[in-house]
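These notes are about the structure you will find just below.
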Amino acid sequence: MAVSGVVRMVWGEAFMAYRLSDDHPLQPLRVKLTVERIRELGLDAFAETVEPRLASEEEIGLCHSPGYIDVVRRLSAADGHRRVPMADMAEAGFASPDNPVAPGMHEACAAIVGGSVMAAEAVHGGAALHAFNPAGGLHHAMRERASGFCVYNDIAVAAAWLRAPGHRVACVDVDVHHGDGTQALFYADPEVLTISLHESGRYLFPGTGFPDETGAGAARGASANLPLAPFMWDEPWLAAFEAVVPPLLRRFRPTVLVTQDGCDTHALDPLAHLQASTAIWPRIGRHFHELAHELCEGRWVACGGGGYAIREVVPRAWTLLFAEMVEHPELAAELVDAEPFPPEAEARERVWAFLERDLRGLAGALQVPLRL
Ligand SMILES: [Zn+2]
């Protein structure tokens, strides 16, 4: 199908402040390198780039409690450690090396949330059909707790912001880690569908995201999870995506698509055990783009997410995604890995068997036919 439209990208130096420590795996440099690669290839000429603004407390409050925001604010000060009792700090998720207390983290994360809200505003108001916030995708943050490198959940705030004027929102999360925060925030909301494809929680943080997590009450069926086996490479990953995402989106009929595009599924990623290549990214981008046009009149908010091979993978994966968004995949074709990374034969069989079993489990849990 023909796809066209105005694209917006949110980018500014404010995103570089989300740096939780010197040796933290989530370095904002990966976002800067992505934007540089997009510009080197001339892809930014087909989009409008806008500076992020800070999300207001009211906007952050769409998904986080006032008490939690207050703790983050106090910890954000230069002497933040001394401003919050240890027990409160631990309860808010700041007692783990994943989420160290970082000066300025409130403002830094408010800029990321602001970027995702701006992306939502643009596609809702019609200023753009598609909008990309490469710094976004902080999907582990919970209502009252930081988790998994995430302080505020920008994806969930954007989805909640879109809910207010009456959208039916589909959040699709392809990060190698389960989108647990986003799922939890909308677990009882039938107007928000969350779909997450991720390495199984048996082997990887956060340990959740099984097919029987389908939503609560009236939202039963509005949460979908497909766990994936370690060593999964391009062919079964794409088969899994194609078996789950298009049919569930067509059944739900969203009016806006919000995607978390973590690229830590790659074989070179140091934090997980899948073996995808960058060849999945043009396919992911094309699917999201076509589904947004088919179901949502084009409305598509894309965010970044995980991805810890900062130089080798992240800029290539997200530039390939963006190239599909602006409909110039040919300009980024050189960023596709020359060869996929399939494991040896025995592991390949295990991966397919695991996928068939969990896809059956998901189809049964949702009572929807889903086939490879
Ligand atoms: Zn991740």
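The values are calculated or read from the model by the stated rules, or taken from the named source; none is laboratory data. Note that this is a predicted model, so its numbers are computed, not measured. In this analysis, Cβ positions are derived from the backbone assuming ideal geometry, glycine residues included, and neighbour counts consider all displayed protein chains. Side chains included, ligands, DNA and RNA excluded: accessible areas come from the protein's heavy atoms. Shrake-Rupley method; radii C 1.70, N 1.55, O 1.52, S 1.80 Å.
So here's what we get for this one:
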read-out: Debye intensity ratio I(q)/I(0), log10, the range 142-222, q values 0.18, 0.21, 0.24, 0.25 Å⁻¹ (C-alpha model); value: -0.73, -0.99, -1.25, -1.32
read-out: Quotient of C-alpha Rg and 2.2 N^0.38 Å, computed over the range 33-120; value: 1.36
read-out: Relative contact order for the chain, counting Cα pairs under 8 Å that sit 6 or more residues apart, in percent; value: 19
read-out: Contact order relative to length of the range 46-152, as percent, for alpha carbon pairs under 8 angstrom and 6 or more apart; value: 33
read-out: 1.4 Å probe accessible area per residue over the range 192-239, in Å²; value: 30
read-out: Amide H contacts under 5 Å for LEU193, placed H, 5+ residues apart; value: VAL169, ALA170, CYS171
read-out: Per-pair calculated FRET efficiency, R0 = 35 Å: GLU330 and LEU372 via Cβ, rounded to 0.05; value: 0.70
read-out: Residue-count net charge about ALA272 - beta-carbon cut-off 10 Å; Lys, Arg +1, Asp, Glu -1; value: -4
read-out: Computed over the range 79-177, Cα set: Rg, Dmax in Å; value: 15.1, 46
read-out: Distance from the range 168-208 to the range 80-156 (C-alpha centre basis), Å; value: 16
read-out: Two-decimal Rg/Rh across the chain, once Rg and the Kirkwood Rh are taken from alpha-carbon atoms; value: 0.94
read-out: Kirkwood-type radius of the range 315-372, with distances r between different C-alpha atoms, in Å; value: 14.4
read-out: Carbon/sulfur fraction of accessible area - the chain, other protein chains in place, 1.4 Å, %; value: 52
read-out: All-pairs Cα distance distribution in the range 214-298, expressed in whole percent, bin size 10 Å; value: 15, 44, 32, 9, 0
read-out: Segment GLU58-GLU356, length gained on full extension (0.36 nm per residue, minus Cα span); value: 102.9 nm
read-out: More than 26 Å apart - percent of Cα-Cα pairs taken over the range 232-372; value: 27
read-out: Highest-fluctuation residue, GLY209, GLY61, GLY42 considered, GNM on the chain with Cα pairs under 10 Å; value: GLY42
read-out: Accessible area of LEU271 in the full protein assembly, 1.4 Å probe (Å², nearest 10); value: 60
read-out: Karplus (6.51, -1.76, 1.60) ³J(HN,Hα), θ = phi - 60°, over the range 262-271, in Hz, Gly and Pro reported as x; value: x, 10, 7, 6, 5, 4, 8, 5, x, 9
read-out: Peptide ranges 22-28, 242-248 listed from the most packed, as the mean C-beta count within 10 angstrom indicates; value: 242-248, 22-28
read-out: Computed over the range 226-372: relative contact order in percent, which uses C-alpha pairs under 8 Å that are six or more apart; value: 35
read-out: 10 Å-binned pair-distance histogram of the range 264-330 (Cα, whole percent); value: 22, 48, 25, 5
read-out: For the range 1-77, alpha-carbon Rg and Dmax in angstrom; value: 16.6, 51
read-out: Per-residue ³J(HN,Hα) for the range 196-210, Karplus 6.51 cos²θ - 1.76 cosθ + 1.60, θ = phi - 60°, Hz, x for Gly and Pro; value: 10, 10, 7, 4, 3, x, 5, 10, 9, 3, x, x, 10, x, 9
read-out: Placed amide H near MET9: partners under 5 Å, 5+ positions off or other chain; value: GLU48, THR49, VAL50, PHE132
read-out: Axial C-alpha extent at least 20 Å, average Kyte-Doolittle at least 0.5 - helices from the chain (DSSP); value: 105-125
read-out: Approximate shape of the range 18-58 as ellipsoid semi-axes (Cα gyration tensor, √5λ), whole Å, largest first; value: 24, 19, 5
